Amino acid sequence: MEWIISANPNIYDVQKAFSENERIDWRQTASQQVGDTVYIYIGRPVQALLYLTVVEEVDIAFDETIGDPEYWLDETEIENNVDRRFMRLRLLETYPESAFPLEELKEHGLKAAPQGPLRVKKELLDFLNMVTVNQVEMGYREGKSVLREHFTRERNRKLIEAAKESFLVKEGRLFCEACGFDFEETYGDLGEHFIEAHHTIPVSEMSEDHVSKVSDIILLCSNCHRMIHRRMPWLTVEELKDILKR
């Protein structure tokens with residue numbers, strides 16, 4: 001089951017909590033179960049969905065919760081929760097504020113800013129699932145290592161499938177257009193029909209009415225895909241091939 005819960009940044013500083021911890025305990029106000037997916041929406045002034053978590057434990061008594069009073073900005077709320085039950089959430093993904101702002105969520109099925117726990121409907125879930133980590137870079141800030149995750153809207157899945165089918169018809173199998181790696185040849189059934197799709201036109205350069213074509217897609221193995229994205233502007237496949245020949 002997938003849920004959205006709302007966090008009031010004036011009561012509990014969830015952003016600081018997740019910047020310093022992998023797990024937090026959250027008041028359980030619905031029938032969440034272990035293994036459920038929970039998205040966390042941050043209220044004003046952020047007004048965006050920022051976190052993806054998974055429920056690891058439910059029905060936790062207040063005196064058994066993770067002690068985190070430093071994140072509570074309204075101490076009266078701590079007292080109000082003494083008799084409540086909690087669930088333990090483990091952080092899976094952190095999204096930039098630009099990924100899922102309220103207005104965009106409303107365009108995909110959310111009626112209004114969440115006020116309590118909501119089950120995620122299919123239209124919204126499909127939209128949330130279209131965001132993937134395109135690249136993860138290690139950076140450093142104030143002596144601490146920081147993961148900076150860059151997100152892009154995944155292109156139309158039908159386009160990617162069409163690109164794969166077109167390549168299959170032409171070549172008879174799926175393989176990396178840079179190095180020739182064949183997932184099925186290496187991994188057997190596990191690698192069947194698996195290959196990553198690289199769009200040669202960056203999202204940042206697309207107009208809102210841009211229509212992508214199969215010819216815009218290049219099929220790559222995971223390593224080559226990551227290498228192409230290591231430089232800005234991106235390497236072309238031909239440039240990567242030249243590197244592989246050295």
TODO: Just grab the label-to-label distance for N21 and L92, each label 7 Å out from Cα along the Cβ direction, in nm (one decimal).
DONE: 2.1
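Send over a whole-number figure in Å² for the accessible area per residue of the stretch 66-116, probe 1.4 Å. Present the calculation step by step, with values, prior to reporting the outcome.
Details: 3120 Å² over 51 residues.
Normalised by residue count, the accessible surface of the stretch 66-116 is 61 Å².
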TODO: Set the Förster distance to 45 Å, then compute FRET efficiency between H108 and K245 from the Cβ-Cβ distance, nearest 0.05.
DONE: 0.50
Open item on the list: Given a 1.4 angstrom probe, I'd like the percentage of the accessible area of the stretch 1-100 that is carbon and sulfur, rounded to a whole number.
Closed with: 42
TODO: Quick one: which residues, 5+ away or cross-chain, put their amide H under 5 Å from the amide H of L174? H built at 1.01 Å from N.
DONE: none
TODO: Please check which bits of the stretch 8-28 a label hung off E70 would reach, taking the label as a point 7 Å along Cα-to-C-beta and the cut-off as backbone N under 17 Å.
DONE: 12-25
Open item on the list: I need the phi-derived Karplus couplings for the stretch 117-126: 6.51 cos²θ - 1.76 cosθ + 1.60, θ = phi - 60°, integer Hz, Gly and Pro marked x.
Closed with: x, 10, 7, 7, 7, 4, 4, 6, 4, 4
Task: Residues in the stretch 34-59 reached by a label modelled at S6 [backbone nitrogen below 13 Å; 7 Å Cα→Cβ] - done: 41-49
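To the nearest 0.05, what FRET efficiency results for V82 and R119 with a Förster distance of 45 Å applied to their C-beta separation?
On the way: r = 28 Å, r/R0 = 0.62.
Taking R0 as 45 Å, the efficiency between V82 and R119 is 0.95.
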Open item on the list: Whole-Hz ³J(HN,Hα) for each residue in the stretch 32-48, computed from phi via Karplus 6.51 cos²θ - 1.76 cosθ + 1.60 with θ = phi - 60°, x for glycine and proline: what do you get?
Closed with: 5, 10, 4, x, 5, 8, 10, 8, 10, 9, 9, x, 4, x, 6, 6, 7
Open item on the list: Taking θ = phi - 60°, what integer Hz values does the Karplus form 6.51 cos²θ - 1.76 cosθ + 1.60 yield along the stretch 4-18, in sequence order, with x for Gly and Pro?
Closed with: 10, 10, 10, 10, 8, x, 8, 10, 9, 8, 5, 5, 5, 4, 7
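The values are calculated or read from the model by the stated rules, or taken from the named source; none is laboratory data. Bear in mind the structure is a predicted one, so any value in this text is a computation, not a measurement. In this analysis, Cβ positions are derived from the backbone assuming ideal geometry, glycine residues included, and neighbour counts consider all displayed protein chains. To get the accessible areas, we keep the full protein, side chains included, count just its heavy atoms, and leave off ligands, DNA and RNA. Shrake-Rupley method; radii C 1.70, N 1.55, O 1.52, S 1.80 Å.
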